[in-house]
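What follows is a short report on a single structure.
The values are calculated or read from the model by the stated rules, or taken from the named source; none is laboratory data. Predicted model only: the values in this text are computed from it and were never measured. Cβ atoms come from the backbone with ideal geometry, glycine included; neighbour counts cover every protein chain shown. Note: areas computed on protein heavy atoms with side chains; ligands, DNA, RNA excluded. Shrake-Rupley method; radii C 1.70, N 1.55, O 1.52, S 1.80 Å.
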Amino acid sequence: MHKKLPTIFLAATLLALMTAPAALATGTKAQKSRDMLQDDCRRITARAERAYGIPAQLLSAISMAESGYWYEAEKARIAWPWTVYAEGKGIYHPDRDSAQEAVADLRARGVSNIDVGCMQINLYHHGKAFDDVEQAMDPHRNVDYAARFLRRLHDRHRSWSQAVAHYHSSTVQFNRPYRQKVMKLWHQEQRAFNARRREQAQREYREHRERLRRARLAETQLSER
């Protein structure tokens with residue numbers, strides 16, 4: 001009999017219903033922006049992709065499907081590590097402490113089916129992979145576990161597309177739309193990455209031209225003395 005794999009990742013359609021926090025961080029607006037962008041899970045997924053031989057931006061696309069959040073202040077979509085989903089409702093918590101407190105409150109009420117972090121890892125099925133909730137929610141450990149899980153799925157199914165599908169569920173009814181969503185996000189992530197690389201190359205070229213211009217100007221001034 002086909003055994004269904006434990007579902008550890010939430011479909012993006014569910015996360016779209018998540019309620020945004022009233023306040024995302026304390027301090028100035030500028031500091032909030034820096035904190036939010038600093039905690040974007042995509043920085044960590046890029047390193048995990050390289051470490052485990054996962055195609056560039058694929059793990060990033062999954063993080064966006066799982067904990068993607070439109071951050072209006074910066075007009076940017078980020079993957080938020082302090083995301084908690086349980087009882088059919090998900091919340092983007094402002095920081096690590098409030099997210100951990102939310103998990104503690106849920107468990108105190110007897111709720112065990114809880115998804116946490118960048119990759120929305122399910123504590124009921126996969127909590128034993130971590131020493132505690134703090135470790136499970138740590139962005140680096142959360143992403144690392146997800147990357148290793150995806151790598152194992154690829155080795156089993158010999159396909160990244162199928163690995164993504166089974167990342168969510170082994171049931172076609174559930175994994176097909178999830179796979180399609182992630183594949184769409186993957187293409188978007190690739191386009192965004194390539195656009196950033198072009199912008200960086202153009203910026204470096206302009207800076208190089210400016211340094212040459214200043215050097216020539218300095219030489220001209222010296223020769224005129």
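Structure data summary
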item	result
Close pairs (7 angstrom Cβ cut-off, 6 or more residues apart or separate chains): farther than 23 Å from Ser60 by Cβ in the range 191-220, modelled with pLDDT under 80 and surrounded by 10 or more Cβ atoms within 10 Å (Cβ to Cβ) anywhere	none
Answer residue from the range 184-206, given it is within 28 Å of Arg152 (Cβ to Cβ) and surrounded by fewer than 17 Cβ atoms within 10 Å (Cβ to Cβ) and is modelled with the highest pLDDT among those	Lys184
Yes/no for Tyr52 being open to solvent by 50 Å² or more (accessible area, probe 1.4 Å), closer than 26 Å to His125 by Cα, of a type in the set (Phe, Trp, Tyr) and at pLDDT 85 or above	yes
Unique match (being out of contact with any Phe, Trp or Tyr (no Cβ under 8 Å at 6 or more places or on another chain), of a type outside the set (D, E, K, R) and over 27 Å from Lys75 (Cβ atoms)) among Gln180, Gln202, Gln173, Gln190	Gln173
Qualifying residue in the range 142-153 (condition: over 27 Å from Val84 (Cα atoms), open to solvent by 30 Å² or more (accessible area, probe 1.4 Å) and in a helix (DSSP H, G or I))	no
Selection count where residues are open to solvent by 70 Å² or more (accessible area, probe 1.4 Å), free of Cβ contacts under 8 Å to residues at least 24 places away in the same chain and either within 26 Å of Leu150 (Cα to Cα) or in a strand (DSSP E or B) (or both), scope the range 82-123	0
Subset of the range 159-168 [part of a helix (DSSP H, G or I), among the hydroxyl-bearing types (Ser, Thr, Tyr) and open to solvent by 10 Å² or more (accessible area, probe 1.4 Å)]	Ser161
Checking Arg156 against (1) open to solvent by 50 Å² or more (accessible area, probe 1.4 Å); (2) over 16 Å from Tyr52 (Cβ atoms), the condition it does not meet	(2)
Every pair of residues 6+ apart whose Cβ atoms lie under 7 Å, when the first sits in the range 57-81 and is over 18 Å from His140 (Cβ atoms) and open to solvent by 10 Å² or more (accessible area, probe 1.4 Å) while the second is of a type in the set (Val, Ile, Thr) and at pLDDT below 95	Tyr69/Ile78; Tyr71/Ile78
So Arg209, is it modelled with pLDDT under 85 and closer than 30 Å to Leu153 by Cβ	no
Residues satisfying the stated conditions in the range 168-194, i.e. within 20 Å of Ala146 (Cα to Cα), out of contact with any helix residue (DSSP H, G or I) (no Cβ under 6 Å at 6 or more places or on another chain) and aromatic (Phe, Trp, Tyr)	Phe174
